[in-house]
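Trainee: The following block contains the structure, expressed as structure tokens.
The values are calculated or read from the model by the stated rules, or taken from the named source; none is laboratory data. In this text the structure is predicted, and so the values were computed from the model without any measurement. Methodologically, a virtual Cβ is constructed for each residue, glycine included, from the backbone with ideal geometry; neighbour enumeration extends over all protein chains shown. Ligands, DNA and RNA are stripped out before the accessible areas are found, and what is left, the full protein with its side chains, is counted by its heavy atoms. Shrake-Rupley method; radii C 1.70, N 1.55, O 1.52, S 1.80 Å.
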Amino acid sequence: MRTIAFYSPKGGVGKTASAVNIAYLASLSGYSTLLWDLDSQGSASFYLSGGKPGEGKKISKLLEGRVPIADFIEEDIYPNLDFIPAHKSFRNLDIRLEEDERSLPLKEMLSPLSEDTSLVVLDCPPGQSRLTEQVLKIADLVYVPLVPTWLSLNSWRQFNELVCNKKLGEKKLRPFFTLVDRRKKLHRELIEQNSELFDKPSRAMIPYSSAVERMGEEGLPLELLSPKSQPAIAYRRLWSEIQSELRI
């Protein structure tokens, strides 16, 4: 079982849309995939449930071992794709993790799924916290969506420095550009500098598009909603990169 995460220090950068589309593409490729929405806002639920909020369960039951992780899973949202929806109690997950004496509680919670699951995709809340550190420790790769602006790049540098200082695995980080608008001069300039800005640049750049915005309204991944759209093509390119790196 391999684990990847989608994380951003800032919200509104296409993180959840990326997690959902990659999870769906993985399932479409025949991999038994689990998407876990760790963000208490529950945005992934809208993309996977026809634009309706999901109904998750209290995280305390899982942390305390009173309920197995299997009971949190909504199976076969699509063929090969299972889903753990967020619950409002997830906003207290950082506090609960601080109180947890285990070194890697997230890994322990996921371990019972290892035999039946090929890929776990974690959709993480923004910000830097105990949960962020846990995710960085257990994930094989961490994908960081960035809007091509100087402020976004500054946030990336600060996050990258934090990961380096705390030795949380900077080699796992995979930044990639999202909400790219080639009509904007700055966007064009920064994406042209892609290979210079990052140690491991991604060739996949997700364009700004109304198709991505419609995902929440229609409750569908792009492969079903608008497979010929430019962001759908870009996500297929990103999935190809992920598949190649994970060798699954």
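Trainee: Return the total of residues in the stretch 227-238 being surrounded by fewer than 20 Cβ atoms within 10 Å (Cβ to Cβ) and out of contact with any strand residue (DSSP E or B) (no Cβ under 8 Å at 6 or more places or on another chain).
Mentor: 6
Trainee: Condition test on residue 172, is it at pLDDT below 95, closer than 24 Å to residue 9 by Cβ and open to solvent by 40 Å² or more (accessible area, probe 1.4 Å)?
Mentor: No, not satisfied.
Trainee: Going through 207, 227, 201 one at a time, which residue ends up being out of contact with any Gly (no Cβ under 9 Å at 6 or more places or on another chain), within 27 Å of residue 30 (Cα to Cα), free of Cβ contacts under 8 Å to residues at least 12 places away in the same chain and not aliphatic (A, V, I, L, M)?
Mentor: Testing whether each residue is out of contact with any Gly (no Cβ under 9 Å at 6 or more places or on another chain), within 27 Å of residue 30 (Cα to Cα), free of Cβ contacts under 8 Å to residues at least 12 places away in the same chain and not aliphatic (A, V, I, L, M) leaves just 227.
Trainee: Which one is nearest to the chain's Cα centre (by Cα), of the residues in the stretch 94-111 that are more than 28 Å from residue 27 (Cα to Cα) and open to solvent by less than 40 Å² (accessible area, probe 1.4 Å)?
Mentor: 97
Trainee: Same structure again: For residues that are among the hydroxyl-bearing types (Ser, Thr, Tyr) and under 19 Å from residue 46 (Cβ atoms), scanning just the stretch 57-93, find the one that is nearest to the chain's Cα centre (by Cα).
Mentor: 78
Trainee: Please verify whether the stretch 208-223 includes one or more residues that are open to solvent by 10 Å² or more (accessible area, probe 1.4 Å), within 20 Å of the chain's Cα centre (by Cα), among the hydrophobic types (A, V, I, L, M, F, W, C) and under 18 Å from residue 13 (Cβ atoms).
Mentor: Checked against the condition, which is being open to solvent by 10 Å² or more (accessible area, probe 1.4 Å), within 20 Å of the chain's Cα centre (by Cα), among the hydrophobic types (A, V, I, L, M, F, W, C) and under 18 Å from residue 13 (Cβ atoms), the stretch 208-223 yields at least one hit.
Trainee: Continuing with the same structure: Looking at 129, 118, which is the one that is open to solvent by 10 Å² or more (accessible area, probe 1.4 Å), at pLDDT 90 or above and out of contact with any His (no Cβ under 6 Å at 6 or more places or on another chain)?
Mentor: Of the residues listed, the single one that is open to solvent by 10 Å² or more (accessible area, probe 1.4 Å), at pLDDT 90 or above and out of contact with any His (no Cβ under 6 Å at 6 or more places or on another chain) is 118.
Trainee: Next question, about the same structure. Mind checking whether some residue in the stretch 50-71 is assigned to a loop (DSSP other than H, G, I, E, B) and under 15 Å from residue 6 (Cβ atoms)?
Mentor: Among the residues of the stretch 50-71, not one is assigned to a loop (DSSP other than H, G, I, E, B) and under 15 Å from residue 6 (Cβ atoms), which makes the answer no.
Trainee: Something else about it: Where residues in the stretch 14-73 are charged (D, E, K, R) and modelled with pLDDT of 85 or more, which of them is most open to solvent (accessible area, probe 1.4 Å)?
Mentor: 71
Trainee: Now for a different question. Got a number for residues in the stretch 72-109 being assigned to a helix (DSSP H, G or I), out of contact with any strand residue (DSSP E or B) (no Cβ under 6 Å at 6 or more places or on another chain) and of a type in the set (A, V, I, L, M, F, W, C)?
Mentor: So the answer is 6.
Trainee: Quick one: how many residues across the stretch 19-42 are closer than 13 Å to residue 221 by Cβ, in contact with a Ser or Thr (Cβ under 7 Å, 6 or more places away or on another chain) and not in a strand (DSSP E or B)?
Mentor: Total satisfying the criteria: 3.
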